[in-house]
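A.B. asks: Take a look at the following structure, please.
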């Protein structure tokens with residue numbers, strides 16, 4: 001955890017710099033009507049430490065006489081928003097699928113300032129980005145990046161643009177070159193690709209208290225068993241490597257991996273490693289019962305939230321808003337490769353030139369906002385691990401799918 005206080009030295013005495021804000025409208029809360037001393041904690045996932053410090057310094061320049069601000073950059077691992085919201089960061093970054101649980105628990109502060117601008121910055125009230133932060137007509141966060149999903153990265157030294165259309169061809173080329181295509185079968189986030197692509201469903205029920213899942217379907221156009229069999233064929237291919245996504249870069253670096261499924265967070269490192277051969281595109285089709293089926297994906301948004309238990313709600317909101325504006329989103333894109341949610345930033349020449357952003361746009365017609373409850377993750381991971389290992393115990397696939405689905409649809413425990 002890093003604690004920072006803006007200060008200058010005069011006669012060997014540290015003097016805290018005064019942060020002051022331009023008045024934010026006549027309906028501002030009383031908190032801003034007089035000079036205040038405020039300390040805020042900010043989760044490190046909001047942006048890199050360098051970006052945070054630069055932008056908070058810029059925040060200083062917008063103030064004149066209202067605020068003395070100190071801050072702490074808190075490691076994400078120290079945050080436990082649901083279990084200990086009162087001791088968590090004042091400003092934090094979450095994925096959109098966490099919104100419902102945090103909203104229902106009362107952990108998210110309602111955003112009451114500049115709400116029209118927040119919505120217009122992401123394209124307006126009717127957009128998906130606006131919808132993911134809106135509950136009962138009120139705003140509970142600031143979208144900062146979009147396309148929080150996955151697509152295909154590949155090395156053009158091995159693949160043509162048409163080679164990457166079909167997974168069979170990708171695996172064939174990888175095997176011929178004694179290299180690997182990789183995907184994380186131990187994560188339900190990626191397994192969703194196969195089942196949703198084939199038309200089998202996974203989502204919240206209407207009460208958002210349990211999952212609906214048809215992955216074990218016997219009578220759909222493509223049964224769950226046929227999908228599991230197709231996945232086993234993939235894992236048996238010598239060109240395939242099941243790999244946790246956090247190990248993707250290491251395997252590219254050592255030369256083993258020449259294509260794989262991942263997201264925008266790996267764009268900068270892959271570009272540096274593959275150079276002119278760096279490329280990205282939508283997910284390929286895979287062979288299912290003799291047909292080519294387009295792989296689907298989850299997608300989503302990263303959102304800045306403000307803790308409802310913050311002792312300085314107005315200043316926490318104002319800093320969170322500043323850290324979610326166009327300039328900061330562009331800086332975050334340059335640092336992480338993640339596409340801005342702000343429409344002006346997303347349409348900038350620099351962002352549009354990114355292969356990862358272009359791949360996200362190509363995948364968009366086959367992408368779905370992630371709406372799943374917690375029981376999905378462990379159950380799908382257990383299933384995927386068995387498949388990735390080649391079903392070593394010879395389990396009956398229908399029975400395995402039935403068991404997996406029974407675990408996925410377990411109602412969420414509520415207090």
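The values are calculated or read from the model by the stated rules, or taken from the named source; none is laboratory data. Keep in mind that what you see is a predicted model, and the values were worked out from it rather than measured. In this analysis, Cβ positions are derived from the backbone assuming ideal geometry, glycine residues included, and neighbour counts consider all displayed protein chains.
A.B. asks: Would a scan of segment 44-52 turn up a residue that is touching a residue at least 40 places away in the same chain (Cβ under 8 Å) and over 24 Å from residue 266 (Cα atoms)?
C.D. replies: no
A.B. asks: A follow-up question, please. Could you list, in sequence order, the residues of segment 219-233 that are without any contact (Cβ under 8 Å) to a residue 60 or more places away in the chain and either surrounded by fewer than 16 Cβ atoms within 10 Å (Cβ to Cβ) or more than 18 Å from residue 188 (Cβ to Cβ) (or both)?
C.D. replies: Kept after step one, since they are without any contact (Cβ under 8 Å) to a residue 60 or more places away in the chain, are these residues of segment 219-233: 219-221, 223, 230, 233.
Selection gives 219, 220, 221, 223, 233.
A.B. asks: Does residue 303 count as closer than 24 Å to residue 406 by Cβ, buried (at least 17 other Cβ atoms within 10 Å of the Cβ) and in contact (Cβ under 8 Å) with a residue 60 or more places away in the chain? Steps first, answer last, please.
C.D. replies: Details: closer than 24 Å to residue 406 by Cβ: no; buried (at least 17 other Cβ atoms within 10 Å of the Cβ): yes; in contact (Cβ under 8 Å) with a residue 60 or more places away in the chain: yes.
No, not satisfied.
A.B. asks: Go through the residues of segment 83-101 one by one and say whether even a single one is in a loop (DSSP other than H, G, I, E, B), in the same structural domain as residue 310 (by TED's automatic domain parsing), closer than 19 Å to residue 324 by Cβ and under 17 Å from the mean Cα position of the chain (by Cα). It would help to see each step written out before you state the result.
C.D. replies: Going residue by residue through segment 83-101, those that are in a loop (DSSP other than H, G, I, E, B) are 83-84, 88-90.
Still in the list and also in the same structural domain as residue 310 (by TED's automatic domain parsing): 83-84, 88-90.
Imposing the further condition that a residue be closer than 19 Å to residue 324 by Cβ reduces the set to 88-90.
When the remaining residues are screened for being under 17 Å from the mean Cα position of the chain (by Cα), the result is none.
No: segment 83-101 contains no residue that is in a loop (DSSP other than H, G, I, E, B), in the same structural domain as residue 310 (by TED's automatic domain parsing), closer than 19 Å to residue 324 by Cβ and under 17 Å from the mean Cα position of the chain (by Cα).
A.B. asks: Within the bounds of segment 104-119, is there any residue that is closer than 21 Å to residue 77 by Cα, in contact (Cβ under 8 Å) with a residue 24 or more places away in the chain and part of a strand (DSSP E or B)?
C.D. replies: Yes, the conditions are met somewhere in segment 104-119.
Rundown of residues vs (1) touching a strand residue (DSSP E or B) at 6+ places or on another chain (Cβ under 7 Å); (2) part of a helix (DSSP H, G or I), yes/no style:
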{"position": "129", "(1), (2)": "yes, yes"}
{"position": "144", "(1), (2)": "yes, no"}
{"position": "148", "(1), (2)": "yes, no"}
{"position": "154", "(1), (2)": "yes, no"}
{"position": "160", "(1), (2)": "no, no"}
{"position": "168", "(1), (2)": "yes, yes"}
{"position": "171", "(1), (2)": "yes, yes"}
{"position": "175", "(1), (2)": "no, yes"}
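A.B. asks: From the residues in segment 131-142 that are assigned to a loop (DSSP other than H, G, I, E, B) and touching a helix residue (DSSP H, G or I) at 6+ places or on another chain (Cβ under 8 Å), which one is farthest from residue 356 (Cα to Cα)?
C.D. replies: Of segment 131-142, the ones assigned to a loop (DSSP other than H, G, I, E, B) are 133, 136-137, 140-141.
Still in the running and touching a helix residue (DSSP H, G or I) at 6+ places or on another chain (Cβ under 8 Å): 133, 140-141.
On the way: 133: 25, 140: 28, 141: 25 Å.
Among them, the one singled out is 140.
A.B. asks: Answer yes if at least one residue in segment 41-63 is loosely packed, with under 15 Cβ neighbours inside 10 Å, in a loop (DSSP other than H, G, I, E, B) and at pLDDT below 90, and no otherwise.
C.D. replies: Yes, there is a match, as at least one residue in segment 41-63 is loosely packed, with under 15 Cβ neighbours inside 10 Å, in a loop (DSSP other than H, G, I, E, B) and at pLDDT below 90.
A.B. asks: Only one of (1) surrounded by 15 or more Cβ atoms within 10 Å (Cβ to Cβ); (2) farther than 14 Å from residue 301 by Cα is not met by residue 84, so which one is it?
C.D. replies: The number of the failed condition is (1).
A.B. asks: Among what's in segment 87-101 and is buried (at least 20 other Cβ atoms within 10 Å of the Cβ) and over 21 Å from residue 149 (Cα atoms), pick the residue that is modelled with the lowest pLDDT.
C.D. replies: Ranking the candidates gives 88 first.
A.B. asks: For segment 265-292, what are the residues that are out of contact with any helix residue (DSSP H, G or I) (no Cβ under 9 Å at 6 or more places or on another chain) and within 21 Å of residue 171 (Cα to Cα)? Before the answer, list the steps.
C.D. replies: Residues of segment 265-292 out of contact with any helix residue (DSSP H, G or I) (no Cβ under 9 Å at 6 or more places or on another chain): 272, 275-277, 290-291.
Residues satisfying the conditions are 277, 290, 291.
A.B. asks: Identify the residue in segment 257-277 that is surrounded by fewer than 18 Cβ atoms within 10 Å (Cβ to Cβ) and over 21 Å from the mean Cα position of the chain (by Cα) and, among all such residues, is farthest from residue 244 (Cα to Cα).
C.D. replies: Looking at the filtered set, the residue picked out is 276.
A.B. asks: Continuing with this model, one more query. From the list 205, 237, 177, 242, pick out the single residue that is free of Cβ contacts under 8 Å to residues at least 12 places away in the same chain and surrounded by fewer than 23 Cβ atoms within 10 Å (Cβ to Cβ).
C.D. replies: Values: 237 fails: free of Cβ contacts under 8 Å to residues at least 12 places away in the same chain; 177 fails: free of Cβ contacts under 8 Å to residues at least 12 places away in the same chain; 242 fails: free of Cβ contacts under 8 Å to residues at least 12 places away in the same chain.
Testing whether each residue is free of Cβ contacts under 8 Å to residues at least 12 places away in the same chain and surrounded by fewer than 23 Cβ atoms within 10 Å (Cβ to Cβ) leaves just 205.
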